[in-house]
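Everything on this sheet refers to the single structure shown next.
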Amino acid sequence: MTWRIPLSNTDFGVEEEDAVNNVIRSGWLTMGETTQAFEREFGEYNDVSHAVSVSSCTAALHLACIAVGIGPGDEVILPALTFVATANAVRYTGASPVFADIIGFNDLTISPDSIEAQITDHTKGIIVMHYAGHACDMPNIIKIAQEHDLFVIEDAAHAIGSSLNNKKLGTWGDIGCYSFFSNKNLITGEGGMLVTDNPEYADELKGLRSHGMTSLTWDRHQGHSWSYDVVSLGYNYRIDEIRSALGRVQLAKLDENNTKRRVLENKYRQMLEDLVPEVEVPFTSHPGIPAAHIMPIILPEDVDRRKFMESLKADGIQTSIHYPPIYKFQSYSDKYDADQHSLSNTEIISNREVTLPMYPNLNSNEIEFVVHSIQKVITLN
Ligand SMILES: *Cc1c(COP(=O)(O)O)cnc(C)c1O
(Lines give C-alpha, C1' and ligand atoms only; values in the text may rest on other atoms or scores of the structure.)
Protein backbone atom coordinates (compact mmCIF):
# COMPACT_ATOMS: atom_id res chain seq x y z
CA MET A 1 0.00 0.00 0.00
CA THR A 2 1.24 3.52 -0.73
CA TRP A 3 0.89 5.75 2.27
CA ARG A 4 0.13 9.43 1.92
CA ILE A 5 2.32 9.86 5.01
CA PRO A 6 4.54 6.87 5.89
CA LEU A 7 5.84 6.18 9.40
CA SER A 8 9.44 6.86 8.38
CA ASN A 9 11.33 7.76 5.24
CA THR A 10 14.88 7.93 3.87
CA ASP A 11 16.56 11.13 2.70
CA PHE A 12 19.09 9.64 0.24
CA GLY A 13 20.41 11.88 -2.54
CA VAL A 14 23.28 12.24 -5.00
CA GLU A 15 25.89 12.17 -2.24
CA GLU A 16 24.85 8.69 -1.12
CA GLU A 17 24.77 7.49 -4.76
CA ASP A 18 28.28 8.86 -5.37
CA ALA A 19 29.61 7.33 -2.16
CA VAL A 20 28.29 3.87 -3.10
CA ASN A 21 29.55 4.19 -6.68
CA ASN A 22 33.02 5.13 -5.47
CA VAL A 23 33.21 1.94 -3.43
CA ILE A 24 32.04 -0.19 -6.34
CA ARG A 25 34.61 1.42 -8.66
CA SER A 26 37.37 0.87 -6.11
CA GLY A 27 36.92 -2.89 -6.41
CA TRP A 28 37.14 -3.46 -2.62
CA LEU A 29 33.82 -4.18 -0.91
CA THR A 30 34.63 -5.82 2.43
CA MET A 31 35.89 -3.97 5.53
CA GLY A 32 38.74 -1.64 4.63
CA GLU A 33 39.66 2.05 4.52
CA THR A 34 36.11 3.39 4.23
CA THR A 35 35.04 1.44 7.30
CA GLN A 36 38.09 2.69 9.21
CA ALA A 37 37.17 6.27 8.26
CA PHE A 38 33.52 5.75 9.27
CA GLU A 39 34.58 4.38 12.67
CA ARG A 40 37.03 7.26 13.23
CA GLU A 41 34.41 9.88 12.31
CA PHE A 42 31.69 8.21 14.38
CA GLY A 43 34.02 8.07 17.42
CA GLU A 44 34.98 11.73 17.00
CA TYR A 45 31.35 12.77 16.59
CA ASN A 46 30.45 11.05 19.87
CA ASP A 47 33.65 12.13 21.63
CA VAL A 48 34.50 8.53 22.52
CA SER A 49 37.86 6.75 22.10
CA HIS A 50 36.74 3.61 20.26
CA ALA A 51 34.01 2.95 17.68
CA VAL A 52 33.63 -0.58 16.28
CA SER A 53 31.24 -1.11 13.37
CA VAL A 54 29.18 -4.26 12.99
CA SER A 55 26.41 -5.69 10.79
CA SER A 56 23.51 -4.60 13.05
CA CYS A 57 22.63 -3.24 16.47
CA THR A 58 21.51 -6.74 17.42
CA ALA A 59 25.06 -7.96 16.71
CA ALA A 60 26.40 -4.97 18.67
CA LEU A 61 24.24 -5.80 21.71
CA HIS A 62 25.29 -9.46 21.54
CA LEU A 63 29.01 -8.61 21.40
CA ALA A 64 28.62 -5.99 24.16
CA CYS A 65 27.13 -8.66 26.45
CA ILE A 66 30.01 -11.05 25.68
CA ALA A 67 32.67 -8.36 26.13
CA VAL A 68 31.52 -7.43 29.65
CA GLY A 69 31.40 -11.12 30.55
CA ILE A 70 27.67 -11.85 30.70
CA GLY A 71 27.01 -15.60 30.49
CA PRO A 72 24.94 -18.56 31.70
CA GLY A 73 23.42 -18.07 35.16
CA ASP A 74 23.64 -14.27 35.03
CA GLU A 75 20.68 -11.91 35.13
CA VAL A 76 20.51 -8.68 33.16
CA ILE A 77 17.93 -6.00 33.98
CA LEU A 78 16.33 -4.22 31.03
CA PRO A 79 13.05 -2.52 30.08
CA ALA A 80 10.20 -4.61 28.63
CA LEU A 81 9.16 -1.61 26.53
CA THR A 82 11.86 -1.98 23.89
CA PHE A 83 12.54 -3.88 20.69
CA VAL A 84 12.95 -7.62 21.25
CA ALA A 85 16.63 -7.46 20.15
CA THR A 86 17.58 -5.82 23.48
CA ALA A 87 16.47 -8.93 25.37
CA ASN A 88 17.47 -11.48 22.69
CA ALA A 89 21.09 -10.33 22.99
CA VAL A 90 21.05 -11.38 26.66
CA ARG A 91 19.57 -14.77 25.82
CA TYR A 92 22.22 -15.47 23.13
CA THR A 93 24.82 -15.55 25.94
CA GLY A 94 22.81 -17.99 28.07
CA ALA A 95 21.93 -15.30 30.64
CA SER A 96 18.36 -14.37 31.63
CA PRO A 97 16.63 -11.05 30.95
CA VAL A 98 14.83 -9.54 33.96
CA PHE A 99 12.30 -6.85 33.13
CA ALA A 100 12.05 -3.49 34.90
CA ASP A 101 9.22 -0.97 34.60
CA ILE A 102 9.26 2.41 32.87
CA ILE A 103 9.03 5.66 34.82
CA GLY A 104 5.51 6.73 33.80
CA PHE A 105 3.24 8.49 31.29
CA ASN A 106 5.64 11.37 30.68
CA ASP A 107 8.83 9.28 30.66
CA LEU A 108 8.85 5.94 28.86
CA THR A 109 12.44 5.06 29.82
CA ILE A 110 13.51 2.46 32.41
CA SER A 111 12.82 3.40 36.04
CA PRO A 112 15.88 3.49 38.35
CA ASP A 113 13.64 2.49 41.31
CA SER A 114 12.38 -0.52 39.39
CA ILE A 115 15.97 -1.46 38.45
CA GLU A 116 16.95 -1.44 42.12
CA ALA A 117 13.94 -3.56 43.05
CA GLN A 118 15.01 -6.25 40.55
CA ILE A 119 18.64 -6.60 41.66
CA THR A 120 19.59 -10.05 43.03
CA ASP A 121 22.87 -11.89 43.72
CA HIS A 122 22.80 -13.05 40.09
CA THR A 123 22.46 -9.59 38.52
CA LYS A 124 25.44 -8.83 36.30
CA GLY A 125 24.36 -5.78 34.37
CA ILE A 126 21.73 -3.33 33.15
CA ILE A 127 20.79 -2.57 29.55
CA VAL A 128 19.03 0.76 29.15
CA MET A 129 17.18 1.92 26.02
CA HIS A 130 16.83 5.62 25.23
CA TYR A 131 13.22 5.54 24.05
CA ALA A 132 12.56 7.78 21.01
CA GLY A 133 16.06 9.21 21.53
CA HIS A 134 15.16 10.70 24.94
CA ALA A 135 17.72 10.11 27.66
CA CYS A 136 17.29 7.55 30.40
CA ASP A 137 18.13 8.84 33.88
CA MET A 138 21.83 8.03 33.35
CA PRO A 139 23.26 9.80 36.42
CA ASN A 140 21.09 7.69 38.75
CA ILE A 141 21.45 4.49 36.72
CA ILE A 142 25.26 4.78 36.73
CA LYS A 143 25.14 5.40 40.49
CA ILE A 144 23.06 2.24 41.06
CA ALA A 145 25.41 0.27 38.82
CA GLN A 146 28.46 1.44 40.75
CA GLU A 147 26.88 0.66 44.11
CA HIS A 148 26.07 -2.89 43.01
CA ASP A 149 29.09 -3.49 40.77
CA LEU A 150 27.02 -3.90 37.59
CA PHE A 151 27.82 -3.27 33.92
CA VAL A 152 25.78 -0.74 31.96
CA ILE A 153 25.15 -1.30 28.26
CA GLU A 154 23.21 1.36 26.35
CA ASP A 155 20.86 0.36 23.54
CA ALA A 156 21.14 3.70 21.73
CA ALA A 157 19.40 2.52 18.54
CA HIS A 158 16.95 5.44 18.82
CA ALA A 159 19.50 7.91 20.10
CA ILE A 160 22.17 8.57 17.47
CA GLY A 161 23.18 12.17 18.12
CA SER A 162 21.18 12.53 21.38
CA SER A 163 22.92 13.99 24.40
CA LEU A 164 22.40 14.59 28.11
CA ASN A 165 24.48 17.18 30.00
CA ASN A 166 26.55 17.68 26.83
CA LYS A 167 27.55 14.00 26.77
CA LYS A 168 26.34 11.84 23.91
CA LEU A 169 23.95 8.99 24.71
CA GLY A 170 25.72 5.70 24.16
CA THR A 171 28.86 7.00 25.88
CA TRP A 172 27.56 7.03 29.48
CA GLY A 173 27.78 3.32 30.20
CA ASP A 174 30.50 0.70 29.61
CA ILE A 175 29.49 0.10 25.98
CA GLY A 176 26.93 1.82 23.71
CA CYS A 177 25.18 0.19 20.73
CA TYR A 178 23.65 1.93 17.70
CA SER A 179 21.55 0.79 14.72
CA PHE A 180 21.72 1.97 11.12
CA PHE A 181 18.62 0.00 10.02
CA SER A 182 16.47 1.66 7.34
CA ASN A 183 14.07 3.43 9.71
CA LYS A 184 16.68 4.85 12.11
CA ASN A 185 18.20 8.38 12.20
CA LEU A 186 21.37 7.32 10.36
CA ILE A 187 20.73 4.76 7.64
CA THR A 188 22.95 2.20 5.90
CA GLY A 189 20.28 -0.48 5.24
CA GLU A 190 21.54 -2.95 7.84
CA GLY A 191 24.40 -1.88 10.09
CA GLY A 192 25.42 -1.00 13.62
CA MET A 193 28.18 0.42 15.82
CA LEU A 194 29.62 -0.10 19.30
CA VAL A 195 31.36 2.67 21.23
CA THR A 196 33.48 2.46 24.37
CA ASP A 197 36.28 4.29 26.15
CA ASN A 198 37.74 0.98 27.33
CA PRO A 199 40.58 -0.15 24.99
CA GLU A 200 40.35 -3.79 26.16
CA TYR A 201 36.67 -3.98 25.24
CA ALA A 202 37.43 -2.36 21.88
CA ASP A 203 40.10 -4.98 21.07
CA GLU A 204 37.83 -7.82 22.14
CA LEU A 205 34.90 -6.46 20.11
CA LYS A 206 37.05 -6.15 16.98
CA GLY A 207 38.12 -9.77 17.37
CA LEU A 208 34.64 -11.08 18.10
CA ARG A 209 33.07 -9.45 15.03
CA SER A 210 35.48 -11.35 12.79
CA HIS A 211 35.83 -14.95 14.03
CA GLY A 212 38.34 -14.01 16.73
CA MET A 213 40.98 -13.72 13.99
CA THR A 214 44.17 -11.78 14.65
CA SER A 215 44.35 -10.25 11.15
CA LEU A 216 41.79 -9.21 8.51
CA THR A 217 41.58 -9.97 4.79
CA TRP A 218 42.29 -6.26 4.34
CA ASP A 219 45.54 -6.45 6.38
CA ARG A 220 46.72 -9.38 4.27
CA HIS A 221 45.76 -7.58 1.04
CA GLN A 222 47.86 -4.64 2.25
CA GLY A 223 50.79 -6.98 2.80
CA HIS A 224 50.74 -6.32 6.53
CA SER A 225 50.26 -9.93 7.42
CA TRP A 226 50.34 -13.30 5.70
CA SER A 227 48.52 -15.50 8.20
CA TYR A 228 46.41 -15.34 11.35
CA ASP A 229 45.55 -17.11 14.57
CA VAL A 230 42.02 -17.55 15.98
CA VAL A 231 42.05 -16.51 19.63
CA SER A 232 38.34 -16.54 20.60
CA LEU A 233 35.01 -17.94 19.44
CA GLY A 234 33.89 -15.05 17.24
CA TYR A 235 31.26 -14.42 14.61
CA ASN A 236 30.94 -12.83 11.20
CA TYR A 237 29.28 -9.59 12.34
CA ARG A 238 31.21 -7.34 9.94
CA ILE A 239 29.87 -4.29 8.14
CA ASP A 240 31.11 -3.65 4.57
CA GLU A 241 32.50 -0.73 2.56
CA ILE A 242 29.23 0.10 0.79
CA ARG A 243 27.40 0.51 4.09
CA SER A 244 30.28 2.40 5.68
CA ALA A 245 30.30 4.79 2.70
CA LEU A 246 26.57 5.42 3.19
CA GLY A 247 27.17 5.83 6.91
CA ARG A 248 29.80 8.54 6.40
CA VAL A 249 27.46 10.62 4.23
CA GLN A 250 24.58 10.09 6.65
CA LEU A 251 26.74 11.01 9.65
CA ALA A 252 27.61 14.32 8.01
CA LYS A 253 23.87 15.05 7.69
CA LEU A 254 22.91 13.79 11.14
CA ASP A 255 22.87 17.02 13.16
CA GLU A 256 20.87 18.87 10.53
CA ASN A 257 18.36 16.03 10.25
CA ASN A 258 18.03 15.67 14.03
CA THR A 259 17.37 19.41 14.29
CA LYS A 260 14.61 19.05 11.69
CA ARG A 261 13.13 16.18 13.72
CA ARG A 262 13.12 18.28 16.92
CA VAL A 263 11.33 21.13 15.13
CA LEU A 264 8.72 18.65 13.87
CA GLU A 265 8.36 17.13 17.32
CA ASN A 266 7.62 20.57 18.75
CA LYS A 267 5.11 21.27 16.01
CA TYR A 268 3.30 17.99 16.80
CA ARG A 269 3.44 18.78 20.53
CA GLN A 270 1.92 22.25 20.15
CA MET A 271 -0.79 21.25 17.68
CA LEU A 272 -1.83 18.22 19.72
CA GLU A 273 -1.95 20.30 22.89
CA ASP A 274 -4.12 22.94 21.16
CA LEU A 275 -6.48 20.67 19.24
CA VAL A 276 -6.62 17.36 21.14
CA PRO A 277 -5.40 17.91 24.72
CA GLU A 278 -6.89 14.50 25.65
CA VAL A 279 -3.95 12.91 23.84
CA GLU A 280 -0.81 12.86 25.96
CA VAL A 281 2.59 13.53 24.42
CA PRO A 282 5.33 12.05 26.61
CA PHE A 283 8.73 13.60 27.38
CA THR A 284 7.44 17.12 28.09
CA SER A 285 10.36 19.18 29.48
CA HIS A 286 12.62 16.11 29.40
CA PRO A 287 16.32 16.80 30.12
CA GLY A 288 18.88 16.58 27.30
CA ILE A 289 18.78 17.05 23.54
CA PRO A 290 16.83 14.22 21.88
CA ALA A 291 17.39 12.64 18.46
CA ALA A 292 13.56 12.67 18.20
CA HIS A 293 13.68 9.29 16.50
CA ILE A 294 9.98 8.43 16.79
CA MET A 295 6.84 10.37 17.75
CA PRO A 296 4.95 8.49 20.48
CA ILE A 297 1.56 9.59 21.84
CA ILE A 298 -0.59 8.05 24.59
CA LEU A 299 -4.29 7.71 23.78
CA PRO A 300 -7.04 8.45 26.31
CA GLU A 301 -8.14 5.31 28.16
CA ASP A 302 -11.52 5.09 26.42
CA VAL A 303 -10.18 5.22 22.85
CA ASP A 304 -9.97 1.89 21.00
CA ARG A 305 -6.41 1.82 19.68
CA ARG A 306 -7.11 -0.55 16.80
CA LYS A 307 -9.97 1.65 15.54
CA PHE A 308 -7.83 4.75 16.00
CA MET A 309 -5.04 3.28 13.87
CA GLU A 310 -7.55 2.04 11.25
CA SER A 311 -9.05 5.51 11.00
CA LEU A 312 -5.66 7.14 10.40
CA LYS A 313 -4.87 4.41 7.89
CA ALA A 314 -8.04 5.33 5.98
CA ASP A 315 -6.53 8.83 5.65
CA GLY A 316 -3.30 7.31 4.29
CA ILE A 317 -1.35 7.80 7.54
CA GLN A 318 0.88 4.97 8.71
CA THR A 319 1.18 4.48 12.47
CA SER A 320 2.86 1.89 14.66
CA ILE A 321 3.18 0.64 18.26
CA HIS A 322 6.40 0.92 20.29
CA TYR A 323 6.23 -1.70 21.78
CA PRO A 324 4.31 -4.79 22.78
CA PRO A 325 6.05 -5.65 26.11
CA ILE A 326 8.69 -8.32 25.48
CA TYR A 327 7.45 -10.65 28.25
CA LYS A 328 4.17 -11.10 26.34
CA PHE A 329 5.83 -12.67 23.30
CA GLN A 330 5.45 -16.44 23.29
CA SER A 331 9.18 -17.07 23.09
CA TYR A 332 9.48 -15.15 26.38
CA SER A 333 6.26 -15.96 28.25
CA ASP A 334 7.13 -19.69 27.90
CA LYS A 335 10.47 -19.25 29.65
CA TYR A 336 10.69 -16.10 31.74
CA ASP A 337 8.43 -14.99 34.58
CA ALA A 338 7.63 -11.31 34.49
CA ASP A 339 6.32 -9.86 37.71
CA GLN A 340 3.47 -7.97 36.08
CA HIS A 341 2.52 -6.16 39.31
CA SER A 342 5.88 -4.46 39.31
CA LEU A 343 5.46 -3.59 35.61
CA SER A 344 2.20 -1.65 35.95
CA ASN A 345 3.28 1.41 33.94
CA THR A 346 4.50 -0.82 31.11
CA GLU A 347 1.21 -2.76 31.23
CA ILE A 348 -0.99 0.34 31.00
CA ILE A 349 1.05 2.49 28.65
CA SER A 350 1.95 -0.24 26.15
CA ASN A 351 -1.79 -0.68 25.55
CA ARG A 352 -2.36 3.00 24.83
CA GLU A 353 0.77 4.06 22.91
CA VAL A 354 0.64 4.91 19.20
CA THR A 355 3.59 6.13 17.12
CA LEU A 356 2.99 8.87 14.54
CA PRO A 357 5.00 9.53 11.34
CA MET A 358 8.41 11.14 11.94
CA TYR A 359 11.27 11.73 9.48
CA PRO A 360 13.41 14.76 8.55
CA ASN A 361 11.55 15.57 5.33
CA LEU A 362 8.09 15.50 6.86
CA ASN A 363 6.60 18.99 6.55
CA SER A 364 4.30 21.20 8.61
CA ASN A 365 1.30 20.67 6.33
CA GLU A 366 1.64 16.94 6.72
CA ILE A 367 1.74 17.27 10.51
CA GLU A 368 -1.40 19.41 10.38
CA PHE A 369 -3.04 16.71 8.27
CA VAL A 370 -2.09 14.02 10.82
CA VAL A 371 -3.29 16.04 13.80
CA HIS A 372 -6.60 16.89 12.09
CA SER A 373 -7.07 13.22 11.33
CA ILE A 374 -6.46 12.46 15.03
CA GLN A 375 -8.88 15.20 16.06
CA LYS A 376 -11.57 13.64 13.87
CA VAL A 377 -11.33 10.25 15.63
CA ILE A 378 -11.03 11.64 19.14
CA THR A 379 -13.97 14.01 18.70
CA LEU A 380 -16.18 11.26 17.25
CA ASN A 381 -15.25 8.91 20.08
C1 LIG B 1 16.20 -1.10 15.71
C2 LIG B 1 16.46 -1.46 17.11
C3 LIG B 1 17.32 -2.52 17.45
C4 LIG B 1 17.91 -3.47 16.46
O5 LIG B 1 18.68 -2.88 15.49
P6 LIG B 1 19.16 -3.73 14.22
O7 LIG B 1 20.24 -2.88 13.66
O8 LIG B 1 17.98 -3.88 13.33
O9 LIG B 1 19.67 -5.04 14.72
C10 LIG B 1 17.60 -2.74 18.79
N11 LIG B 1 17.03 -1.99 19.75
C12 LIG B 1 16.18 -0.99 19.46
C13 LIG B 1 15.60 -0.18 20.57
C14 LIG B 1 15.85 -0.71 18.14
O15 LIG B 1 14.98 0.26 17.87
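The values are calculated or read from the model by the stated rules, or taken from the named source; none is laboratory data. A quick note: this is a predicted structure, and the numbers were derived from the prediction, not measured. Ideal geometry is used to build each Cβ from the backbone, glycine not excepted, and the neighbour counts take in all protein chains shown. SASA here: full protein model, heavy atoms, side chains in, ligands and nucleic acids out. Shrake-Rupley method; radii C 1.70, N 1.55, O 1.52, S 1.80 Å.
Can you figure out the FRET efficiency of Ser344 with Ser285, using R₀ = 35 Å and their beta-carbon distance, to the nearest 0.05?
Values: r = 23 Å, r/R0 = 0.67.
Taking R0 as 35 Å, the efficiency between Ser344 and Ser285 is 0.90.
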Quick check: the angle from helix 57-67's long axis to the longest principal axis of the chain, C-alpha only, nearest 10 degrees? 60
Sorting Thr123, Ile160, Ala145 by the position of each Cα along the dipole of region 123-177 (Lys, Arg +1; Asp, Glu -1; all at Cβ), the one nearest the positive end of that ordering is Ile160
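Quick check for the chain: number of Lys pairs with alpha-carbon distance under 15 Å, counting only pairs 8 or more apart or on different chains? Could the numbers behind the result be given before it?
Values: Lys124/Lys143; Lys184/Lys253; Lys184/Lys260; Lys307/Lys376; Lys313/Lys376.
Lysine pairs, 8 or more places apart or on different chains, close enough: 5.
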Rounded to the nearest 0.05, what FRET efficiency do Ser333 and Ala117 give with R0 = 25 Å and r taken as the Cβ-Cβ distance? Could you check? 0.75
Provide the gained length on full extension for the span Val230 to Lys143, in nm with one decimal, where the gain is 0.36 nm per separating residue minus the Cα-Cα distance. 27.6 nm
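Calculate the dipole size of the chain relative to its Cα centre from +1 charges on Lys and Arg beta carbons and -1 charges on Asp and Glu beta carbons; express the result in debye to the nearest 20. Mind showing how you got there, number by number?
Numbers: 29 positive and 51 negative charges, 183 e Å.
For the chain, the charge dipole is close to 880 debye.
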Solvent exposure, largest accessible area first (probe 1.4 Å, DNA, RNA and ligands not counted), of Ser26, Ser163, Ser285, Ser342: Ser285, Ser26, Ser342, Ser163
The FRET efficiency for Thr259 and Ser182, from their Cβ-Cβ distance with R0 = 25 Å and rounded to 0.05, is 0.75
Helix-only CD estimate at 222 nm, as mean residue ellipticity for the chain, using -39500 (n - 2.57) per DSSP H run (n ≥ 4): -12500 deg cm²/dmol
Provide the gained length on full extension for the span Glu273 to Asp11, in nm with one decimal, where the gain is 0.36 nm per separating residue minus the Cα-Cα distance. 91.4 nm
Binned at 5 Å starting from 0, the alpha-carbon pair-distance distribution of region 222-381 in whole percents comes out as 1, 7, 13, 15, 14, 12, 11, 10, 6, 4, 3, 2, 1, 0, 0
If I model a spin label at Asn198 and Asn381 as a point 7 Å from the Cα along the Cα→Cβ vector, what separation in nanometres do I get? 4.5
By how many degrees, 0 to 90 and rounded to 10, does the Cα axis of helix 199-208 deviate from the longest principal axis of the chain? 90
Met1 and Asp302 label points (each 7 Å along its Cα→Cβ direction) are spaced in nm at 2.8
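Tell me, what is the Rg over Rh of the chain, with Rh the Kirkwood radius over Cα pairs? Mind dumping the intermediate values first?
Numbers: Rg = 21.1 Å, Rh = 21.6 Å.
Rg divided by Rh gives 0.98.
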